[in-house]
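First the structure, in the form of structure tokens, and then the observations on it.
The values are calculated or read from the model by the stated rules, or taken from the named source; none is laboratory data. No experiment lies behind these values; they were computed from the predicted model shown. A quick note on method: Cβ atoms are made from the backbone with ideal geometry, for glycine too, and the neighbour counts reach across all protein chains shown.
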Amino acid sequence: MMKLIQYLHDNMDIAKLLHEGKVSLVGVTEQEQVAIMEAFEEDIHADGVFWS
């Protein structure tokens, strides 16, 4: 899980696509995916990319 979080942190464009539902995380439960997206929401806003 930590490698996945680090990858998303290093590739914020993938995190944005995840939030938009254009990509999915294989092997991650829906609850884990929601938690990851919520955790990255602050990072995404800090980088100037806003999720709607």
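Here residue 50 fulfils each of the conditions (1) at pLDDT below 85; (2) not in a loop (DSSP other than H, G, I, E, B); (3) not hydroxyl-bearing (Ser, Thr, Tyr) apart from (2). Pairs are defined by a Cβ separation below 9 Å, a sequence spacing of at least 6 or placement on different chains, a first member in region 32-43 that is at pLDDT 75 or above, and a second member that is not in a helix (DSSP H, G or I); the pairs so defined are 32/1; 32/25; 33/24; 33/25; 36/1; 36/25; 36/28; 37/51.
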